[in-house]
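Some notes on the structure that comes next.
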Amino acid sequence: MRTAREPIVRGSVKDIYEVDSEEIEFVFSDRISVFDKLVPVEIPHKGEVLARTAAFWFEVTNSLRVKTHFVEMTSPRSLKVRRVAVIRDYDQITSQTRGFLIPIEFVSRYYVAGTLYDRIRAGVIKPEVLGFPSDHVPAYGEKLPRPFFETGTKLEPVDVFIPPEQAMAMSSITQGQLQEIWSIVHRLDQEIQSVLDSHGRLIHPDGKKEFAIDSDGSLMLVDTFGTPDEDRFWDAEAYTEGRCVELSKEYVRQYYRSTGYKDTLYQAREAGKPEPPMPPLPQEEVRNASEIYVALYERITGQTF
């Protein structure tokens, strides 16, 4: 039998606690995960940064009259939110299902970075798909001619990008609902960049968002967004000098890319072999990552940590 403070779900980053039949509480830890692997160290202050940044963006979103599951901030590292069902058997989801998490991640991109850059180099994504001329070779950090939206899995052991048609089939959402989601995402991203322009001196190259269908059958923004874990941020001044300075969880990803671990991990996955254990992040990198998280919170919100 669970105690009152035993989580109903322990995630890679946050733990979820039951409040009642209508609400749950997200408690953010200092754990960090990259490439769907838990790093065997904690980043000081990370959980509080995520909770406070998420609450900041939910307040912004509420002012735009976009429906969200956010109720209130319950502590410096926890949020109370409206509850939705997580249905892992996609065959149980129909167009009439209500109050459930859409099992899809919705990724919006405005610059060439991250896995998008990797897939361009590998020839998986052609320049013309992004709005470039077919003979153009996109450079890392280059601004896209138009926003690029992608759908990916949410509940699988390893997240992968999937075509929109497959995403709609998995979640039983319509083309109209998908277009409404992209409209909301783009509107929110415009607001995010507007806030960052006003005081953060930051660029928002990409990010992910999640949605649910609420009890009325309407779309509802859920989970969290605009934090250093879900979204990428670059220093705007450095960008004008031709440098993409990573100010998010991407800093840690880049460390594991530089050591060769990311390539080794993905090669094992592609070959169906056991995944190599994630090595700890060196203490100097832990301190750097913690400072990046705290500084980013202050630049995003304009508030002192």
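The values are calculated or read from the model by the stated rules, or taken from the named source; none is laboratory data. Please read all numbers here as calculations on a predicted model, not as lab measurements. FYI the Cβ positions are ideal-geometry reconstructions off the backbone, even for glycines, and counts take in every protein chain you see.
The number of residues in segment 71-101 that are closer than 30 Å to residue 202 by Cα, out of contact with any Gly (no Cβ under 8 Å at 6 or more places or on another chain) and either of a type in the set (D, E, K, R) or crowded, with 19+ Cβ neighbours inside 10 Å (or both) comes to 5.
Assess whether residue 230 counts as being in contact (Cβ under 8 Å) with a residue 40 or more places away in the chain, out of contact with any His (no Cβ under 8 Å at 6 or more places or on another chain) and not basic (Lys, Arg). For residue 230, the condition - in contact (Cβ under 8 Å) with a residue 40 or more places away in the chain, out of contact with any His (no Cβ under 8 Å at 6 or more places or on another chain) and not basic (Lys, Arg) - is not met. Of the residues making up segment 179-192, those that are without any contact (Cβ under 8 Å) to a residue 40 or more places away in the chain and in contact with a strand residue (DSSP E or B) (Cβ under 8 Å, 6 or more places away or on another chain) number 1.
Of the residues in segment 45-53, at least one is among the hydroxyl-bearing types (Ser, Thr, Tyr) and either in contact (Cβ under 8 Å) with a residue 24 or more places away in the chain or within 20 Å of residue 192 (Cα to Cα) (or both). Among the residues here, residue 129 does not qualify as in contact with a His (Cβ under 8 Å, 6 or more places away or on another chain), aliphatic (A, V, I, L, M) and not in a loop (DSSP other than H, G, I, E, B).
Considering only residues that are touching a strand residue (DSSP E or B) at 6+ places or on another chain (Cβ under 7 Å) and assigned to a loop (DSSP other than H, G, I, E, B), look in segment 109-126 and name the one that is surrounded by the fewest Cβ atoms within 10 Å (Cβ to Cβ).
Ranking the candidates gives 113 first.
Could you please give the count of residues in segment 130-141 that are surrounded by 12 or more Cβ atoms within 10 Å (Cβ to Cβ) and either among the β-branched types (Val, Ile, Thr) or out of contact with any helix residue (DSSP H, G or I) (no Cβ under 9 Å at 6 or more places or on another chain) (or both)?
Filtering segment 130-141 down to residues surrounded by 12 or more Cβ atoms within 10 Å (Cβ to Cβ) leaves 130-132, 136, 138, 140-141.
Still in the running and either among the β-branched types (Val, Ile, Thr) or out of contact with any helix residue (DSSP H, G or I) (no Cβ under 9 Å at 6 or more places or on another chain) (or both): 131-132.
The total comes to 2.
The condition of being outside any strand (DSSP E or B) and over 18 Å from residue 209 (Cα atoms) holds for only one of 53, 94, 61, 74, that being 94. Close Cβ contacts (under 9 Å, 6 or more residues apart or on different chains) running from residues in segment 57-72 that are over 16 Å from residue 23 (Cβ atoms) to residues that are at pLDDT below 95 are absent.
I'd like the residue in segment 259-275 that is free of Cβ contacts under 8 Å to residues at least 60 places away in the same chain and not in a helix (DSSP H, G or I) and, out of all such residues, is surrounded by the fewest Cβ atoms within 10 Å (Cβ to Cβ).
Filtering segment 259-275 for residues free of Cβ contacts under 8 Å to residues at least 60 places away in the same chain gives 259-261, 263-264, 267-268, 270-274.
From the residues that got through so far, the ones that are not in a helix (DSSP H, G or I) too are 259-260, 272-274.
Values: 259: 12, 260: 9, 272: 6, 273: 9, 274: 8.
Ranking the candidates gives 272 first.
The test for being in contact with a helix residue (DSSP H, G or I) (Cβ under 8 Å, 6 or more places away or on another chain), within 16 Å of residue 32 (Cα to Cα) and of a type in the set (D, E, K, R) holds for residue 250.
Just to be sure before I move on: is residue 53 surrounded by 15 or more Cβ atoms within 10 Å (Cβ to Cβ), under 19 Å from residue 7 (Cα atoms) and not small (Gly, Ala, Ser) in the structure I sent? No; evaluated as a whole, the condition is false for this residue.
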